[in-house]
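Presented below is the structure to which this report refers.
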Amino acid sequence: MVERGLEQIPLDLSLIPTVQDGLSDAAERYRRFAKLAKDSLGPGPNMVLLIAHLPLMSFINRATSLHLGVVSAVREHNAHAAFTLLRAYLELVALIFYVDAHPDYLAALEKPMAELPKNTRLSFRQLFEFAATELAGIRTVYALLNEMAHFGSTALWHPFSLDEDEAEEGTLGRLSFSTGPRWRNPDDARTALAMLRESDEATLELLRRYATHHIAPALERGDRPVAG
């Protein structure tokens, strides 16, 4: 039996027919983050920012920043940047999932780690194991992204391509390499955009949950605003 989170779930590239389609779709999702932030402030003209809103706004800021970074990297054919940022984005997904269930954990994020007692913060392994209780395959995807982000085998061999069609007698083929950003495989850009789509959709859903579980009750109680 496969451990939770280590399932192998194929990435659906059919949702990203072309790179341009993927970029257009990403732009639409980006706008949904701003709408979610606005909607969380309450109905009507008397919107209010509560203490409970602060984590949500920080999560949104982090998500949109990573989103734009991935989009920029895709446009620049920068695989190292795109997949490394996607790794950071997946860490955010796991963190939001945990904080929604354990809001007291925010206290561990409010100060630099050097100012906290040892082991106050959870390791990413612990966060991903918890996220795996619902998010199938998340640990598998994280391991794949780590190979690029931590300069594992994916990163090491990324600059090189072997064209077997141009093999001369006694050789394996023609070896080419690049010293600058590039996609190694034709579908790599679409893969990055498909991963971005999954990260965006997961984050938007988790942020909606967070708002429902922690902000809506504060609005109903009439908690004190951040200022005033």
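Annotations for the structure displayed:
- Qualifying residue in region 185-200 (condition: among the charged types (D, E, K, R), surrounded by fewer than 16 Cβ atoms within 10 Å (Cβ to Cβ) and free of Cβ contacts under 8 Å to residues at least 12 places away in the same chain): no
- Residues of region 148-160 classified as buried (at least 16 other Cβ atoms within 10 Å of the Cβ) and either among the hydrophobic types (A, V, I, L, M, F, W, C) or outside any loop (DSSP other than H, G, I, E, B) (or both), total: 4
- Residues located in region 163-191, provided they are of a type in the set (Ser, Thr, Tyr), assigned to a loop (DSSP other than H, G, I, E, B) and modelled with pLDDT of 85 or more: SER178, THR179
- Tabulated pairs, region 208-224, first of a type outside the set (Val, Ile, Thr), second assigned to a loop (DSSP other than H, G, I, E, B), C-beta under 6 angstrom, 6+ apart or interchain: HIS214/ALA52; ALA218/ALA52; LEU219/GLY42
- Scanning region 97-140 for residues that are in contact (Cβ under 8 Å) with a residue 60 or more places away in the chain, part of a helix (DSSP H, G or I) and within 15 Å of the chain's Cα centre (by Cα), we see that the one that is surrounded by the fewest Cβ atoms within 10 Å (Cβ to Cβ) is THR140.
- Screening ALA82 on (1) surrounded by fewer than 17 Cβ atoms within 10 Å (Cβ to Cβ); (2) in a helix (DSSP H, G or I); (3) of a type in the set (A, V, I, L, M) shows it passes everything except condition (1).
- Single unsatisfied condition, LEU156 versus (1) farther than 27 Å from SER14 by Cα; (2) in contact with a helix residue (DSSP H, G or I) (Cβ under 7 Å, 6 or more places away or on another chain); (3) at pLDDT 90 or above: (2)
- Hits in region 173-184 (condition: hydrophobic (A, V, I, L, M, F, W, C) and either in contact with a Ser or Thr (Cβ under 7 Å, 6 or more places away or on another chain) or touching a residue at least 60 places away in the same chain (Cβ under 8 Å) (or both)): TRP183
- Qualifying residues in region 6-37 (those that are among the charged types (D, E, K, R) and part of a helix (DSSP H, G or I)) - the one nearest to the chain's Cα centre (by Cα): ARG29
- Residue within region 111-124 that is of a type in the set (Phe, Trp, Tyr) and touching an Asp or Glu at 6+ places or on another chain (Cβ under 9 Å) present: yes
So that you can scan it fast, the table gives a plain yes or no per residue for (1) closer than 23 Å to ARG209 by Cα; (2) among the aromatic types (Phe, Trp, Tyr); (3) without any contact (Cβ under 8 Å) to a residue 24 or more places away in the chain:
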residue: VAL19; (1), (2), (3): no, no, no
residue: MET57; (1), (2), (3): yes, no, yes
residue: VAL71; (1), (2), (3): no, no, no
residue: PHE83; (1), (2), (3): no, yes, no
residue: LEU92; (1), (2), (3): yes, no, no
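- Test: residue in region 84-96 that is farther than 22 Å from ARG139 by Cβ and modelled with pLDDT of 95 or more: no
- Test: HIS77 is at pLDDT 95 or above and surrounded by fewer than 18 Cβ atoms within 10 Å (Cβ to Cβ): yes
- Answer residue from region 208-228, given it is in contact with a helix residue (DSSP H, G or I) (Cβ under 6 Å, 6 or more places away or on another chain) and closer than 25 Å to ALA26 by Cα and is surrounded by the fewest Cβ atoms within 10 Å (Cβ to Cβ) among those: ARG209
The values are calculated or read from the model by the stated rules, or taken from the named source; none is laboratory data. Here the structure is a predicted model, which means the values were calculated and not measured. Glycine gets a Cβ as well: all are built from the backbone with ideal geometry, and neighbour counts include every protein chain shown.
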